[in-house]
Structure formats: structure tokens, C-alpha cells
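Some notes on the structure that comes next.
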Amino acid sequence: MVLSSTNVFTWNDVLGFLKDIVFKFGPKLIIACIILYVGFRVIRFLCKRIGILFEKRNLDPSLRPFLMSINSIGLKVLLILTVVGYLGIEMTQFTAIIASAGVAIGLALSGTLQNVAGGVVLLVLRPFRVGDYIAAQGYEGTVKSILIFHTTLVTTDNKVVTIPNGALSSGSMINYTQMATRRIDLEFNLAHGIDLDCVSNAIIALAKEDKRILREPDVVVIPTISQLAISIDLRFWCKTEDYWDVLADMNKQVYDYLVREKVALPYSKIDIIKQA
């Protein structure tokens with residue numbers, strides 16, 4: 001390509017320059033795009049095969065999504081570096097560009113990197129697993145997946161909640177399903193003047209009839225007397241997987257007993273002062 005003697009670029013100069021780029025780099029760019037397309041398809045296939053292998057080896061469900069994410073990202077980075085090398089870009093220059101850009105990106109994505117570190121902490125310490133019911137960051141739900149950046153919960157009303165791993169790993173949480181057994185506390189307010197021993201023994205007997213309620217520790221009733229009512233706190237233990245069913249059934253059984261035996265319930269007293 002020859003430039004005009006006046007050093008002013010004409011349309012012919014521009015078109016010639018573009019033709020040189022197209023003929024020189026066009027085939028390589030086309031081949032590079034084909035490599036990227038085929039490479040991403042192969043990576044997707046390999047990730048699926050790796051997922052099947054993890055499932056056959058009975059790998060912990062908590063680890064599968066995280067390891068799948070790591071494998072996918074690693075293979076894609078390797079593919080991109082291969083394409084860059086094919087295009088003839090020197091890796092030393094490319095590495096310097098990545099290093100300088102990495103500093104800026106690292107500062108901009110400090111929160112994201114914290115989430116990645118949090119995900120590693122969660123998978124190493126194992127405060128919960130996939131399938132556990134937990135409460136954290138103001139939400140409660142069943143753990144659906146632990147990914148590289150966030151953890152997904154499904155609430156009891158079927159809402160999906162996404163919690164960043166950084167906040168989850170550094171904050172407080174409650175794991176309701178980690179232990180094999182749980183205690184259920186049921187509180188009932190009754191009126192003054194009832195036969196406390198009779199009512200307490202009857203409620204304990206109802207609880208002991210349910211085979212899902214454990215015999216050790218024993219079923220107990222703790223009464224509390226106040227000005228307005230007598231509060232009966234029924235406490236017993238059951239297996240974690242039976243918690244919600246037992247809680248609902250015992251609430252209904254105790255209520256039916258109170259109605260059937262006509263046990264007096266407290267009522268609110270409202271004093272109305274008439275002004276002259």
C-alpha cells in the first residue's frame with residue numbers, strides 16, 4: 001500500500017489498508033472463531049461427562065456444582081489462551097496486559113473475589129450441605145446448591161433466594177437439620193382455676209402416645225403463672241425429619257383435648273374509663 005505524497009489519507013488508502021488486514025488476518029480470525037465455537041461445545045460436553053462421573057462416584061452433592069464451575073472456568077481460560085497464541089500474539093505481552101488488567105479488575109471485583117474465597121471456606125468447613133434447612137442473612141430455606149459465587153436456598157413457599165458466599169461464610173447461621181434430633185416447644189395459655197396437674201398429665205399422655213416422639217429425653221411440662229394466665233410449656237424431642245409433622249399433629253391434638261374437656265382459656269380484660 002502506497003500513501004499519497006501529501007501525507008493525506010484518501011479513501012483508496014483506507015480501503016487498501018483494510019484489504020491488507022482482511023487478507024492477512026482474515027483467515028486466522030475465521031479459524032480462531034471456529035476453534036472458539038468448537039472448543040466451547042467440547043467444554044460443555046466434557047463438563048456434562050464430568051458431572052455424570054461425579055454422580056457415579058457418589059461425590060458429595062455440595063461439592064459437585066462448585067467443582068463443575070471450577071472445571072468450566074479453567075477449560076475456557078485454557079481455550080482462550082490457545083486461540084491467542086494461534087493468532088500470533090506474544091504471550092509475554094499478553095501476560096503483562098493481563099497482569100495490569102488483573103490489578104484493576106481485582107480492585108473492582110473485590111467483593112466477587114471475597115465470594116469465591118467464601119465458597120471455598122464453606123466447602124472446606126462444611127457448616128451445611130445441599131439439602132440442609134438453614135437460616136442465614138435473614139432468610140430460611142433448604143440449600144439447593146453451593147456455587148463458586150453464591151449459595152441458593154429454596155424457601156418453604158418455593159421462593160429461590162441467592163446469598164453471596166462471602167456474607168454467608170463470615171456471618172451467623174442456624175443449621176436446623178445437622179443434628180439427628182430436635183426439641184419441640186409448645187406453649188398453651190390457660191385460665192386461672194384449672195386443675196394444673198390433671199391438664200399437665202393429660203397433655204403428657206397425649207405426647208407419649210405418638211410413637212414419633214422420643215422417650216429419651218422424657219416429655220416434660222413446665223408451668224408459668226402470671227396475672228393473666230397459666231402458661232404451660234410442653235417440651236419433647238423427635239427426629240429432625242419428623243419435626244414439622246409432629247409439631248402440627250401435637251398442636252391439633254392438644255387443642256382438641258382442651259375443647260373436648262372444656263378447659264377454660266384466658267380472656268383479655270379491657271377497662272373502659274368514662275370521662276365526666
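The values are calculated or read from the model by the stated rules, or taken from the named source; none is laboratory data. None of the values given here were measured: they were computed from a predicted structure. Because the Cβ atoms are built from the backbone with ideal geometry, glycine has one as well, and the counts that use them run over all protein chains shown. Accessible surface is based on the protein model in full, side chains and every heavy atom, while ligands, DNA and RNA are left aside. Shrake-Rupley method; radii C 1.70, N 1.55, O 1.52, S 1.80 Å.
Filter the stretch 163-182 down to the residues that are open to solvent by less than 80 Å² (accessible area, probe 1.4 Å) and in a strand (DSSP E or B) and list them by number.
Hits for the stretch 163-182 are Ile163, Pro164, Met173, Asn175, Thr181, Arg182.
Residue-by-condition table, conditions (1) at pLDDT 90 or above; (2) farther than 30 Å from Leu59 by Cα:
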residue: Val143; (1), (2): yes, no
residue: Leu147; (1), (2): no, no
residue: Val154; (1), (2): yes, no
residue: Lys159; (1), (2): yes, no
residue: Met179; (1), (2): yes, no
residue: Ile184; (1), (2): yes, yes
residue: Ile222; (1), (2): yes, yes
residue: Leu228; (1), (2): no, yes
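Which residues, counting only those in the stretch 121-139, are among the hydrophobic types (A, V, I, L, M, F, W, C), surrounded by fewer than 16 Cβ atoms within 10 Å (Cβ to Cβ), at pLDDT below 90 and under 22 Å from Thr240 (Cβ atoms)?
Leu125
Let me spell it out: the conditions are (1) within 26 Å of Leu168 (Cα to Cα); (2) open to solvent by 90 Å² or more (accessible area, probe 1.4 Å); (3) modelled with pLDDT of 75 or more, and Asn71 meets all of them except one. Which number is the exception?
Against the list (1) within 26 Å of Leu168 (Cα to Cα); (2) open to solvent by 90 Å² or more (accessible area, probe 1.4 Å); (3) modelled with pLDDT of 75 or more, Asn71 comes up short only on (2).
Any residue that is touching a residue at least 40 places away in the same chain (Cβ under 8 Å) and not in a helix (DSSP H, G or I) - is there at least one of those in the stretch 204-222?
Within the stretch 204-222, one or more residues are touching a residue at least 40 places away in the same chain (Cβ under 8 Å) and not in a helix (DSSP H, G or I).
Kindly evaluate Thr142 against the criterion of being open to solvent by 50 Å² or more (accessible area, probe 1.4 Å), outside any helix (DSSP H, G or I) and among the polar types (S, T, N, Q).
The answer is yes for Thr142.
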